[in-house]
Amino acid sequence: MFYDFHTHTFHSDGVLSPIELIHRAFVKGYSAIAITDHLGLGSLARVIKETSDDCALARAHWDIIAIPGVELTHLPSEAICDTAQKAKELGAWVVVVHGESTVEPVPKGTNLAAARSPYVDILAHPGLITPEEATLASQNGVFIELSGRRGHCITNHHVASICKKQKARLLVNSDAHDEDDLLTSALARDILSKAGVSNRQYQQILKGNPLLLLDRIKKLTFSS
């Protein structure tokens, strides 16, 4: 079983359409996949609608939880909370924020804004995350990503170490841009091993924490 809450399609810088990426994930044994293309305020409504339609079609025909989402990318940090709220109102089931990866010029304060927001679910590849940011994420239920993406993954060891001390919940996400990037058992375990995560934590990060997030998504999505 694979749970992956961070992937991209041709709606941003990925290769495949949402429905094709979902189907290829289903064939590979995924239990859940979130489609989270890079978005800013202007493209939210259109892309969330198109992604939601494909996710609904996939859920109706295949045994996979296909989740419409967004990755808010390179926004001014002051705009993150309001934009995340808008994304949820427009139908995004999961909101990912593109964290302060050391390989991109992400605006300073992004990690802090994401960790504080009640509308953000995942802080992706947060680079040199601070104890304060990890503590806020833990307090506010924001999950922190250990990334499978080249470049973004180089700080996974730091992220895991800080999050362990501050009791912030970790997820392994592929940040897939094509089929070959999708998670496998070997890849997920390699990510955890290189991040210095102990074997006894694998089950919680690979299954326990994803199920906690899925439970939240279901409650918020279907309660109204």
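Quick test of your reading of the structure: Gly148 fulfils all but one of (1) without any contact (Cβ under 8 Å) to a residue 60 or more places away in the chain; (2) closer than 26 Å to Pro118 by Cβ. Name the failing condition by number.
Condition not satisfied by Gly148: (2).
Looking at this structure, is Val142 free of Cβ contacts under 8 Å to residues at least 40 places away in the same chain, of a type outside the set (S, T, N, Q) and either under 19 Å from Ile191 (Cβ atoms) or touching a helix residue (DSSP H, G or I) at 6+ places or on another chain (Cβ under 8 Å) (or both)?
It is true that Val142 is free of Cβ contacts under 8 Å to residues at least 40 places away in the same chain, of a type outside the set (S, T, N, Q) and either under 19 Å from Ile191 (Cβ atoms) or touching a helix residue (DSSP H, G or I) at 6+ places or on another chain (Cβ under 8 Å) (or both).
Can you tell me how many residues within region 13-37 are surrounded by fewer than 17 Cβ atoms within 10 Å (Cβ to Cβ) and either touching a helix residue (DSSP H, G or I) at 6+ places or on another chain (Cβ under 6 Å) or assigned to a loop (DSSP other than H, G, I, E, B) (or both)?
So the answer is 5.
Among Leu220, Leu212, which is the only one that is surrounded by fewer than 14 Cβ atoms within 10 Å (Cβ to Cβ) and in contact with a Lys or Arg (Cβ under 9 Å, 6 or more places away or on another chain)?
Sole residue among the options that is surrounded by fewer than 14 Cβ atoms within 10 Å (Cβ to Cβ) and in contact with a Lys or Arg (Cβ under 9 Å, 6 or more places away or on another chain): Leu220.
Of all residues in region 76-101 being in contact with a Ser or Thr (Cβ under 6 Å, 6 or more places away or on another chain) and surrounded by fewer than 21 Cβ atoms within 10 Å (Cβ to Cβ), which is farthest from Ala32 (Cα to Cα)?
Ser77
Across region 117-156, what is the number of residues that are more than 25 Å from Leu211 (Cβ to Cβ) and either surrounded by 15 or more Cβ atoms within 10 Å (Cβ to Cβ) or under 15 Å from the mean Cα position of the chain (by Cα) (or both)?
Qualifying residue count for the region: 4.
Just one of (1) within 16 Å of the chain's Cα centre (by Cα); (2) under 25 Å from Leu182 (Cα atoms); (3) surrounded by fewer than 24 Cβ atoms within 10 Å (Cβ to Cβ) trips up Ala56, so point out which.
Unmet condition: (1).
Limited to region 168-191, what total is found for residues that are surrounded by fewer than 21 Cβ atoms within 10 Å (Cβ to Cβ), in a helix (DSSP H, G or I) and either among the acidic types (Asp, Glu) or under 17 Å from the mean Cα position of the chain (by Cα) (or both)?
So the answer is 5.
Quick check on this structure: which one of Ala160, Ala195, Ala137, Ala188 is in contact (Cβ under 8 Å) with a residue 12 or more places away in the chain and within 30 Å of Glu89 (Cα to Cα)?
One residue alone meets the criteria, Ala137.
Here are some residues: Asp13, Asp54, Asp37. Which one is over 28 Å from Leu112 (Cα atoms) and out of contact with any Leu (no Cβ under 8 Å at 6 or more places or on another chain)?
Answer to the selection: Asp54.
Would a scan of region 157-167 turn up a residue that is within 25 Å of Phe10 (Cα to Cα) and either out of contact with any Pro (no Cβ under 7 Å at 6 or more places or on another chain) or in a loop (DSSP other than H, G, I, E, B) (or both)?
no
Where a number appears in this text, it was derived from the coordinates with a stated rule and is not lab data. Because the structure is predicted, anything quoted here is derived from the model rather than measured. Positions of Cβ are backbone-derived with ideal geometry, glycine not excepted, and every protein chain shown enters the neighbour counts.
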